[in-house]
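Undergrad: What follows is a single structure, and I will ask about it in a moment.
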């Protein structure tokens with residue numbers, strides 16, 4: 001009974017059975033019982049109950065058993081109580097490779113990588129799990145150099161070893177190294193495929209992401225929800241109608257194999273951003289229960305395709321249905337107002353967010369309003385808003401205002417804004433180019449030349465424009 005409940009991580013049921021055993025005396029727990037109970041305590045974050053069970057173990061004399069002791073090292077490690085984990089480990093009369101690995105993992109999960117490495121070096125026997133734990137810890141800390149060094153020293157590697165390194169390189173933007181390791185691995189499973197696909201997607205290479213996805217399907221490897229959501233994110237970034245149709249078609253045939261809770265909102269977002277609004281709307285309307293994410297996806301899609309008023313009506317419908325907008329939803333609707341130049345609506349939502357929903361305005365929220373005011377020529381109001389922010393405005397807010405100055409020919413504010421941007425982004429050519437264009441429009445060629453000289457002095461090169469139009 002305890003094994004069955006613990007395998008499903010059912011905490012109360014597992015502990016109740018243990019307490020009944022102890023209370024009635026009809027059955028006595030043994031060295032196999034306590035590790036099961038500790039597993040469910042650690043997975044449910046039940047530190048106090050786990051400590052009580054440890055006290056029970058000490059009273060009835062099972063603390064000397066290597067399996068029981070290891071389960072407590074693992075428990076305290078997962079609870080990030082390194083003192084207790086090390087104490088239990090130090091008092092164990094017998095230790096095995098699993099015990100050592102549990103302690104190494106405890107240090108890794110708490111970010112104590114130097115201690116983890118020290119314990120790893122002291123291990124009399126290294127099984128594969130301890131190598132993997134340390135490599136994974138170094139990867140997650142961002143230390144790919146030492147992670148790769150340890151990886152190269154491993155006497156044996158498995159798919160977990162490779163996936164950790166592939167994922168690390170992908171998250172660090174080094175897709176060449178990620179792909180090289182993927183090709184080197186043998187018998188890769190869905191985890192390694194997922195790391196590579198999501199790596200390409202997150203690094204702005206959606207075509208490569210889809211190419212790897214096609215390779216995976218050709219090898220009869222079944223993708224999971226995370227792969228599909230990552231792939232749809234790649235399509236959304238690219239806005240490619242053709243790729244969107246391929247992924248949509250794949251999912252349409254196999255939707256029953258995936259959790260609609262994760263996949264459908266991403267599918268709506270992909271179709272909306274790729275211009276397939278009819279398909280996005282159909283999916284949205286067919287949802288048995290629409291949530292905040294799906295509403296935001298539809299609103300963003302509408303705004304991209306110039307349907308700002310429709311997006312606002314959808315926001316109001318969402319609120320009417322009892323869905324409470326959060327800070328992300330307000331970012332979306334403020335962006336919608338900016339893209340559609342709906343000043344009154346944008347300012348109203350900005351006030352509504354702060355007064356009715358008690359949401360503190362973030363730099364992103366302020367940037368949306370600055371963008372809205374700048375686009376519509378309200379440059380002084382935008383500048384005053386930036387100065388009134390309770391924190392330092394970031395570059396996107398100043399950039400929106402400079403863009404507005406360029407659009408409406410306001411040199412006075414543009415020069416002030418440009419100075420801020422030169423300090424925030426000293427190597428960015430964009431601010432210099434915008435200010436130069438403003439001067440050129442007013443025939444202030446001396447100022448244009450001065451800006452170009454300044455760019456040359458600072459080693460700043462204007463990025464050449466490119467066109468997708470073929471000759």
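Read the figures in this text as sums done on the coordinates, not as results from a lab. Because the structure is a prediction, the values reported are computed rather than measured. Because the Cβ atoms are built from the backbone with ideal geometry, glycine has one as well, and the counts that use them run over all protein chains shown.
Undergrad: Under the 0.36 nm per residue contour assumption, what length would be gained going from the current alpha-carbon distance of residue 32 and residue 416 to full extension?
TA: Numbers: separation 384, 0.36 × 384 = 138.24 nm, distance 7.19 nm.
Fully extending the segment from residue 32 to residue 416 adds 131.0 nm.
Undergrad: Which whole-number percent is the relative contact order of the chain (Cα, under 8 Å, 6+ apart)? All intermediate terms of the calculation are to be shown ahead of the outcome.
TA: Values: 598 pairs, mean separation 23.5, N = 471.
Normalised by residue count, the contact order of the chain is 5 percent.
Undergrad: In nanometres, what is the gap between the two model label sites at residue 324 and residue 292, each 7 Å from Cα along Cα-to-Cβ?
TA: A separation of 0.9 nm, rounded to one decimal place.
Undergrad: With 5 Å bins from zero, work out the P(r) of region 215-337 over every alpha carbon pair and list the percent per bin.
TA: Computed distribution, short to long bins: 2, 11, 22, 24, 19, 12, 7, 2, 2, 0.
Undergrad: Over its Cα atoms, what ratio of radius of gyration to 2.2 N^0.38 Å does region 17-67 give? Could the numbers behind the result be given before it?
TA: Details: Rg = 10.7 Å, N = 51, 2.2 N^0.38 = 9.8 Å.
Cα-based Rg divided by the globular estimate yields 1.09.
Undergrad: Measuring from centroid to centroid over Cα atoms, what is the spacing of region 211-286 and region 82-102 in Å?
TA: Rounded to whole Å, the Cα centres lie 47 Å apart.
Undergrad: Right, next: Compute the Rg/Rh shape ratio of region 154-216: radius of gyration over Kirkwood radius, all on alpha-carbon atoms.
TA: Working: Rg = 10.8 Å, Rh = 11.4 Å.
The Rg/Rh ratio comes out at 0.95.
Undergrad: How are the alpha carbon pair distances in region 71-225 distributed across 10 Å bins from zero to the largest one, expressed in percent?
TA: P(r) over region 71-225, rounded to whole percents: 11, 36, 28, 18, 6, 1.
Undergrad: What is the helix-to-structure angle for 206-218, meaning the angle in degrees between its Cα long axis and the longest Cα principal axis of the chain, kept from 0 to 90 and rounded to the nearest 10?
TA: Its long axis makes an angle of about 40 degrees.
Undergrad: Give the angle, between 0 and 90 degrees and rounded to the nearest 10, that separates the Cα long axis of helix 47-60 from the longest principal axis of the Cα atoms of the chain.
TA: That helix lies at roughly 10 degrees to the long axis.
Undergrad: While we're on this one: Show that you can apply the helix-only estimate: for the chain, add -39,500 (n - 2.57) for every DSSP H stretch of four or more residues, divide by all residues, and state [θ] at 222 nm to the nearest 500.
TA: Details: 28 runs with 345 residues, N = 471.
One gets -23000 deg cm²/dmol as the mean residue ellipticity at 222 nm.
Undergrad: Let me ask another. Convex hull over the Cα atoms of region 106-146, averaged projected area in nm²? Don't skip to the end; give the middle numbers.
TA: Values: hull surface 10.6 nm².
If you wrap the Cα atoms of region 106-146 in a convex hull and average its projections, you get 2.7 nm².
Undergrad: Contact order normalised by length for region 341-471, with contacts defined as Cα pairs under 8 Å and 6 or more residues apart; what percent is it?
TA: Details: 129 pairs, mean separation 22.2, N = 131.
RCO, region 341-471: 17 percent.
Undergrad: Still on this structure: Here are a few candidate values for P(r) over Cα pairs in 20 Å bins from 0, in percent: [x] 18, 38, 35, 8, 1; [y] 23, 55, 21, 1; [z] 28, 62, 10, 0. Which one was actually calculated from the structure I just gave you?
TA: For P(r) over Cα pairs in 20 Å bins from 0, in percent, the calculated option is [x].
Undergrad: How far is it, in nm, from the label point at residue 446 to the one at residue 388 when both lie 7 Å from their Cα along the line to the Cβ?
TA: Here the modelled spin labels are 3.8 nm apart.
Undergrad: Turning to a different aspect of this structure: With an 8 Å Cα cut-off and a minimum separation of 6 or more residues, compute the relative contact order for region 177-308 in percent. Spell out each step's value before the answer.
TA: Working: 139 pairs, mean separation 24.6, N = 132.
Answer for region 177-308 is 19 percent.
Undergrad: What are the semi-axes of the equivalent ellipsoid of region 147-258, taken as the square roots of 5 times the eigenvalues of the Cα gyration tensor, listed largest first and rounded to whole Å?
TA: Working: eigenvalues 140, 48, 19 Å².
Square roots of five times the eigenvalues give 26, 16, 10 Å.
Undergrad: Can you give the angle from 0 to 90° between the axis of helix 445-457 and the longest principal axis of the chain, with both taken from C-alpha atoms, to the nearest 10?
TA: 30
Undergrad: Quick one: which of 436-442, 206-212 comes out on top by average Cβ neighbours within 10 Å, and what's the full order, highest first? Mind dumping the intermediate values first?
TA: On the way: 436-442: 16.3, 206-212: 19.4.
With the highest mean Cβ count within 10 Å placed first, the list reads 206-212, 436-442.
Undergrad: Kindly state, as a whole number, the per residue volume in cubic angstrom of the convex hull around the alpha carbon atoms of region 1-126. The partial results should precede the final answer.
TA: On the way: hull volume 12.3 nm³, N = 126.
Per-residue hull volume (Cα only) is 97 Å³.
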